[in-house]
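Enquirer: Sharing a structure, written as structure tokens. Questions coming.
None of the figures in this text is laboratory data; all of them are computed from the coordinates on show. The model shown is predicted, which means the values in this text are computed figures rather than measured ones. Here the Cβ positions follow ideal geometry from the backbone for every residue, glycine too, while neighbour counts run over all protein chains shown.
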Ligand SMILES: Nc1ncnc2c1ncn2[C@@H]1O[C@H](COP(=O)(O)OP(=O)(O)OP(=O)(O)O)[C@@H](O)[C@H]1O
Ligand SMILES: [Mg+2]
């Protein structure tokens, strides 16, 4: 199948060079030198792959990617970034870009990347119907951990899940409170009924009340229709109230009533409505302290913590780090179509030493960035985006020169690394190397014939 590729770059020589490199592969190539022109073409043409520079005046590459992706979810997108702006590559990958290239661009790498992205897209389109049939609804990732602390948690979850007991989950941010709440629902007899979540800190308290209990028509200005709240919609299921410590006193009273009497009134209503909903609440606040300071009702606190599950911080269960890392690598390999085989013991050692104020979420984000950035099969210490002792000793500007290399090898390496540092800018590279621009160009031609620009 012939594919149409749109290349967007405000630098005309590099646009031409990329066009040339890809047209010889049998693709139909369109070009644009600015975001506006690119958008125009996206609107009128069927495009399979968008190859765009991120740094452009007016409509930047990221904006273009966003609009193009909305118009065509199947579109393959590859972005080009400078070596110095690797964070923008990570950001782009997180926003659904398929891959990225760093300047200076190498022809072989460009071709392989484009061909892989197109292959992946063809496969995805072909298999879509098949997949739709086979799709197992995305549940939640397993609760990972073999430490004693995590065993205690999972053991408790398996014991209380089958009951309808109210559960209070407490723990620092990113320790898996929501994950546990979902696990409780999924392993309960309510699993086929609704699980709803409400974050109590995200809304004002008046809004929370109408979200939770619904309202009658005319209850307040704008209430033109009766609306059911989460408790009613959740009938027979589980309601997860996140950051419960943020509720104000009037909502606390209403919640207490539901827990005690299993009934409530819609806002503006006069009739009691019976419900059967299991409540799971979570907080990273110290509720006991909030109670002693008069900010949280004592009776509600005791009603909520019929069962309390404390999720341990990652610092308390460092032995789980290797297992978590392995699972996250797998997860992100899949998500970003990477083939990372594992991680070196030295790199694991670095991960074992970190503090993780953001707990598992922090470790997970770190692995996500590493999987996106690593070009190696195995993650090594240098691939980790963390300032480590090992790393501080080394230098990003080091060049790998060793005995056994010829002068020509050395020259090639110095030129290549300098070009990487200046994002392919020949004039800057020549100045650093203190040679003439022409000399540099001649050397590139003979030593690095594969370099595009
Ligand atoms: N034991 C675990 N195994 C695998 N993944 C986990 C585990 N615990 C947490 N995670 C992952 O870490 C991330 C954060 O977890 P979650 O959102 O459940 O934390 P939280 O305690 O609710 O955080 P916050 O207080 O900030 O809301 C999620 O992506 C979750 O899947
Ligand atoms: Mg949470």
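Enquirer: Against the longest principal axis of the chain, how steep is helix 107-134, in degrees 0 to 90 to the nearest 10, with axes from Cα atoms?
Expert: 30
Enquirer: To the nearest Å, what is the center-to-center distance of region 309-363 and region 38-115, using C-alpha atoms only?
Expert: 29
Enquirer: Ignoring solvent entirely, what values of log10 I(q)/I(0) come out of the Debye formula for region 148-311 at 0.16 Å⁻¹ when each Cα is a single scatterer?
Expert: -0.90
Enquirer: Measure nothing fancy, just the Cα-based angle from helix 12-23's long axis to the longest principal axis of the chain, in degrees from 0 to 90, nearest 10.
Expert: Orientation of helix 12-23: about 90 degrees from the principal axis.
Enquirer: Give the order of 151, 44 when sorted by the count of other beta carbons within 10 angstrom, beginning with the fewest.
Expert: 44, 151
Enquirer: Provide the packing ranking of 24-32, 438-446, i.e. peptides ordered by the mean count of other C-beta atoms within 10 Å per residue, highest first.
Expert: The peptides rank, most packed first, as 24-32, 438-446.
Enquirer: Sort 315, 55 so the one with the fewest other Cβ atoms within 10 Å of its own Cβ comes first.
Expert: So the residues, fewest neighbours to most, are 315, 55.
Enquirer: Taking the chain as the reference, fit the longest principal axis to its C-alpha atoms, fit the long axis of helix 148-160 to the helix C-alpha atoms, and give the angle between the two in degrees, 0 to 90, nearest 10.
Expert: 50
Enquirer: Okay, next question. Which FRET efficiency value, to the nearest 0.05, is calculated for residue 11 and residue 299 with the Förster distance at 56 angstrom and r the Cβ-Cβ distance?
Expert: Efficiency, rounded to the nearest 0.05: 0.25.
Enquirer: Suppose the Debye formula is applied to equal point scatterers at every Cα of the chain; what is log10 I(q)/I(0) at q = 0.07 Å⁻¹?
Expert: Summing over Cα pairs of the chain leads to -0.53.
Enquirer: At R0 = 45 Å, how high is the FRET efficiency between residue 286 and residue 331 if r is their beta carbon distance? Nearest 0.05 is fine.
Expert: Computed FRET efficiency for residue 286 and residue 331 comes out at 0.90.
Enquirer: Which of the peptides 229-237, 406-414 is most tightly packed, and how do the rest follow, going by the mean number of other Cβ atoms within 10 Å of each residue?
Expert: 229-237, 406-414
Enquirer: Next up: Over region 321-393, calculate the relative contact order: mean separation of alpha carbon pairs under 8 Å at least 6 apart, over the residue count, as a percent.
Expert: Computed over region 321-393, the figure is 39 percent.
Enquirer: Under 1.5 on a/c is rounded, so check that first for region 407-447, then, if it is not, pick prolate when a/b is larger than b/c and oblate when it is not; a ≥ b ≥ c are the square roots of the alpha carbon gyration tensor eigenvalues.
Expert: oblate
Enquirer: Could I get the Rg over Rh figure for region 68-131? Both from C-alpha atoms, Rh via Kirkwood, rounded to two places.
Expert: 1.02
Enquirer: With N set to the number of residues, divide the alpha-carbon radius of gyration of region 4-134 by 2.2 N^0.38 Å and report two decimals.
Expert: Here the Cα radius of gyration is 1.01 times the empirical estimate.
Enquirer: Applying a 10 Å radius around every beta-carbon, put 13-21, 179-187 in order of their mean neighbour count, most first.
Expert: Ranking the peptides 13-21, 179-187 by packing returns 179-187, 13-21.
Enquirer: Hey, quick one: spin label on residue 20, modelled 7 Å out along Cα-Cβ, who in region 408-437 has an amide N within reach, i.e. under 18 Å?
Expert: Answer for region 408-437: 424-427.
Enquirer: Another one. Using alpha carbon coordinates only, what is the Rg to Rh ratio of region 56-96, with Rh defined as the Kirkwood radius?
Expert: Computed over Cα atoms, the ratio is 0.96.
Enquirer: In region 321-393, what is the volume of the convex hull around the alpha carbon atoms, normalised per residue and reported in Å³?
Expert: With only Cα atoms used, region 321-393 gives 78 Å³ per residue.
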